[in-house]
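Just so it is clear, none of the values below were taken in a lab; they were calculated from the coordinates. Quick caveat, the model's predicted, so the values are computed rather than measured. Every residue, glycine as well, gets a Cβ built from its backbone with ideal geometry; the counts of neighbours run over all protein chains shown.
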Amino acid sequence: MSNEKQVDSGRRGLLVATCAAGGVAGLATAGAFVSTFQPSERAKAAGAPVEVDIAGLGPGEMKTVEWRGKPVWILKRSPEMVASLKKTDNAVADPKSERNPDELTPEYARNEYRSRKPDVLVAVGICSHLGCSPSSKFQPGPQPSLPDDWAGGFLCPCHGSTFDLAGRVFKNKPAPDNLQVPRYMYLGDNKLLIGKDEKGEA
């Protein structure tokens, strides 16, 4: 006769059920714990690239979208607006976008237009001085707080920095740098992806 203790079938079933329930609860807890390390949907959306359709944007019109909590301007420049950039070359502080290029201007926007295509400007609408958002002042000519030979551009209402229609800051203004051009690319003739280009996400 065997000396080993026999566990009756009722206790064995209870033991199996208890272990199974404990395992399920442990897995659920571990799953909830691991999920706290993953970014929320809101956090993912805040940093994700943004698709923008510009098909309805006419010459001289601007659209603002939000990317990473920042306003991004898409300005469809008219032929006159594009031509005005040659006039402002000598008046802006950094005409070729050579200051802080890795932070402020992707390689494909280090040109007079600061863009991939001469007629479309994509720029973060935040002044490089203290973070105010400049106002659009596209109408050329004399206006309050602007020079008489104003060719059109942007005026920061906080401390008077002015930017041309390529987002280049004028000389002797509080803003130290041009407006930032985020990484972007064309997905089609009239569709942009802000926050990502051929080299990856910003």
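Of P101, G200, N172, which is farthest towards the positive pole of the stretch 88-202's charge dipole, taken about the Cα centre with +1 and -1 on the beta-carbons of Lys, Arg and Asp, Glu respectively? Value computed over the given set: G200. Extension gain, L130 to L57: 0.36 nm times the residue separation minus the Cα-Cα distance gives 23.3 nm.
Per the Debye formula on identical point scatterers at the alpha carbon atoms of the stretch 57-105, with no solvent, log10 I(q)/I(0) at q = 0.17, 0.22, 0.26 Å⁻¹ is -0.76, -1.01, -1.00. So how far, in whole Å, is the C-alpha centre of the stretch 52-83 from the one of the stretch 112-134? Here the answer is 10 Å between Cα centres. Judged by the ratio a/c of the largest to the smallest principal axis of the C-alpha gyration tensor, the stretch 130-202 counts as prolate, that ratio being 1.5 or greater while a/b is larger than b/c. Evaluated at q = 0.16 Å⁻¹, the base-10 log of the normalised Debye intensity for the stretch 49-201, with identical point scatterers placed on the Cα atoms, takes the values -0.82. With both residues required to sit in the stretch 71-202, DSSP beta bridges show an antiparallel share near 100%.
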